[in-house]
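What follows is a set of notes on a single structure, which appears directly below.
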Amino acid sequence: MTEEKDPKVEALAEVRAASEAHAAARAAETRAREAHQAAIVAALKLDLGPSVISTVSSYDRVNIDRIRKAAKLPPKRAATVQKIPKDE
């Protein structure tokens, strides 16, 4: 006599397995993103600019600049725009 498995139990087991696989993939993605951002910070510390880094990265210049700011690194070049003081 063969035992038939309950389709609901099997479905829940599939959901649980897929959920665990998804959690593992998200953890791997987080580790990869952190490694990518650490490599960008290392390149910025070597005085490579965001435009150059963006040619080999999946991040654009704007995101690379955000990473630079989060790492508290100075900009590659000084600001060229000056604020005009308000007359009082």
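Taken together, the values in this text are just the output of simple stated rules run on the coordinates, not laboratory data. In this text, all values refer to a predicted model and were calculated from it rather than measured experimentally. Glycine also receives a Cβ, built like all others from the backbone with ideal geometry; neighbour counts cover every protein chain displayed.
Descriptive notes on the structure:
- Annotation: the residues THR55, THR30, sorted from fewest to most other C-beta atoms within 10 Å of their own C-beta, follow the order THR55, THR30.
- Identified option (computed percent of Cα pairs over 19 Å apart; candidates (1) 52; (2) 39; (3) 61): (3)
- C-alpha long axis of helix 61-70 to longest principal axis of the chain, angle in °: 90
- Helical contribution to [θ] at 222 nm, DSSP H n ≥ 4, -39,500 (n - 2.57), averaged over the chain, rounded to 500: -21000 deg cm²/dmol
- Relative to the current alpha-carbon distance between LYS83 and ALA17, full extension at 0.36 nm per residue lengthens the span by 18.0 nm.
- Nonlocal Lys pairs with alpha-carbon distance under 26 Å, the chain (8 or more apart, or different chains): 5
- Cβ charges +1 (Lys, Arg) and -1 (Asp, Glu), total dipole of the stretch 26-81, debye: 160
- Acute angle (nearest 10 degrees) that the helix 7-45 long axis makes with the longest principal axis of the chain, alpha-carbon atoms: 20
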